[in-house]
Amino acid sequence: MNIDNIMRSLEIKHAGEFEFLQAVKEVLVSIEEVYNQHPEFEKNKIIERIVEPDRIFTFKVPWVDDKGEIQINLGYRVQFNNAIGPYKGGMRFHTSVNLSTLKFLAFEQTFKNALTTLPMGGGKGGSDFNPKGKSNMEVMRFCQNFMLELWRHVGADTDIPAGDIGVGAREIGYMYGMYKKLARENTGVFTGKGLEYGGSLVRPEATGFGGLYFVRQMLKEHQIDIQGKTVIVSGFGNVAWGAVTKATQMGAKVIGISGPDGYILDHEGISGKKIDYMLELRESCNDIVSPYAEKFEAEFVPGRKIFEVRADIVLPCAIQNELTEEDAQKIIDNGAVCVAELSNMGCTNEAADLFVAHRMLFAPGKAVNAGGVATSGLEMTQNAMHIHWDASEVDDRLRQIMNNIHDQCVKFGRQPDGYVNYVKGANIAGFMKVARATLMQGIV
Ligand code: 2IT
């Protein structure tokens, strides 16, 4: 494999799409060695085929706001790869959404979904629509207009969207309602649905819970107990909430969360009603974390990044590239034990490389945060069987899946000096499955 040539050709076809190019480069570097041991991959241009999305839908979403004014947003769905199952991945509603973001997310999703061992391909979609500060009716009108276009391209065995940043139970409810009306079928075409109409228990918590199951395994592998460890979390959304909940249950102490306005430092630990308050904060639509400090007499540090705080375990839970090389250096200097990306590509490639160079326990998003989509897979299973599992059934399966992903990372990522390179492990394990499936199904 000639990484430079592949990247050059990709840069021409996807000019200026930095996040996408970044995500591809990270995978190529990891798999190069293994790839070169398989001449059949090279001969069949497996990597050239895997780095291109199967197809992309881009559409206009006009809607009317509460003042009667017409608004126009862009909608997208990237169907990246269906070698191992129907396209599967979330929808992101955020002002930063563009094709580069969605292509990187869908590319990552392909390998993440492969790691779950469930039959799901990779997809992602969304809009530059920002639900923050909008009324319920505005969100509903937007979601309905969005589905007027998207419904033709999705289906329970074709492409199954879910939530991501800015898309929670409310948005999924409105989108699913419109899908049902247009398609005239009541199938599990979305995951993350409400419990009352086909959703799965544990799905809202799953990304955070799964992340902590992974972190616990990672620490156990290195004879470290999570009990009593201090934790910092960036963000205060759905993923952060699940992570704080499970970390606390496991006996760790979460001392900080953050928002776009700065970070909260709570040395007593974020537990009990403080965790419940995170949900309230998120629903308040102001996108600021500072009210926590007033409510619980904690410290608020405005305008700074939480990664400067000394803690044993660092969990980026917000957005891509939130943790830079400079942050990574601070984390290393502060003597952290473990960094696990719960956000997708939460670290820049330079930050991730620095962690690996320092032989830190560092786990990439496509392994650590796979619990969300894995539980979506379990929701699809329940829908297909027309049954509903209890919480312990779903949680047990989630834990098994996360432990299995951890074992795959160790198997493929163990270096000659004994260090487990989880980035390499996750990329090789995910890639091998997609590559083999591609090879077996001919040139399509
Ligand atoms: O990034 C992710 O894996 C998600 N947003 C969840 C995707 C899903 O289909 O549940």
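The values are calculated or read from the model by the stated rules, or taken from the named source; none is laboratory data. Bear in mind the structure is a predicted one, so any value in this text is a computation, not a measurement. Here the Cβ is made from the backbone with ideal geometry for all residues, glycine too, and neighbour counts use every protein chain on show. The protein model used for the area step is the full one, side chains on, heavy atoms only, and it has no ligands, DNA or RNA in it. Shrake-Rupley method; radii C 1.70, N 1.55, O 1.52, S 1.80 Å.
Remarks
- Probe 1.4 Å, accessible area per residue of the chain, Å²: 40
- Cα shape, the chain, gyration tensor, a/c 1.5 rule: rounded
- In percent, rounded to a whole number, the relative contact order of the chain is 15, using alpha-carbon pairs under 8 Å and six or more apart.
- Accessible surface of region 208-347, 1.4 Å probe: 46 percent of it comes from carbon and sulfur atoms.
- Applying a DSSP loop filter and a limit of 11 other Cβ atoms within 10 Å to the GluC sites (Glu not before Pro) in region 226-283 leaves Glu268.
- Rolling a 1.4 Å probe across all protein chains gives His358 an accessible area of roughly 90 Å².
- Computed on protein heavy atoms with a 1.4 Å probe, the accessible areas place Met137, Met402, Met178 in the order Met137, Met178, Met402, largest first.
- Whether region 361-444 is rounded, prolate or oblate, judged on the alpha carbon gyration tensor where a/c under 1.5 counts as rounded: oblate
- Remark on Val254: its backbone amide H falls under 5 Å from those of Val231, Ile270, a criterion applied only to residues 5 or more positions apart or on other chains, H modelled at 1.01 Å from N.
- Value at 222 nm in deg cm²/dmol, rounded to 500, when DSSP H runs of n ≥ 4 in the chain each add -39,500 (n - 2.57): -15000 deg cm²/dmol
- Where labels lie 7 Å past Cα in the beta-carbon direction, separation of Gln400 and Leu195 in nm: 2.3
- Cα shape, region 262-417, gyration tensor, a/c 1.5 rule: oblate
- Percent carbon-and-sulfur accessible area, region 1-103, ignoring ligands, DNA and RNA, probe 1.4 Å: 51
- Heavy-atom accessible area with a 1.4 Å probe sorts Arg397, Arg436, largest first, into Arg436, Arg397.
- Derived scalar couplings ³J(HN,Hα) [region 67-72; Karplus, 6.51 cos²θ - 1.76 cosθ + 1.60; whole Hz; x for Gly, Pro]: 8, x, 8, 7, 10, 10
- Long-range HN-HN contacts of Gly346 with modeled amide H, under 5 Å: Asn321, Gly365
- Converting phi to 3J(HN,Hα) with the Karplus coefficients 6.51, -1.76 and 1.60 and the offset θ = phi - 60°, region 77-90 yields 9, 9, 9, 7, 7, 10, 4, 10, x, x, 4, 8, x, x Hz in sequence order, with x at every glycine or proline.
- Sorting the segments 170-176, 13-19, 207-213 by their mean number of nearby beta carbons within 10 angstrom, highest to lowest, gives 207-213, 170-176, 13-19.
- Within straight-line reach of Lys45, meaning a Cα separation under 29 Å, sit the following lysines at least 8 residues removed in sequence or on another chain: Lys13, Lys25, Lys88, Lys103, Lys112, Lys124, Lys366, Lys411, Lys424, Lys433.
- Amide H partners (placed H, <5 Å) of Phe129, local residues excluded: Leu74, His94
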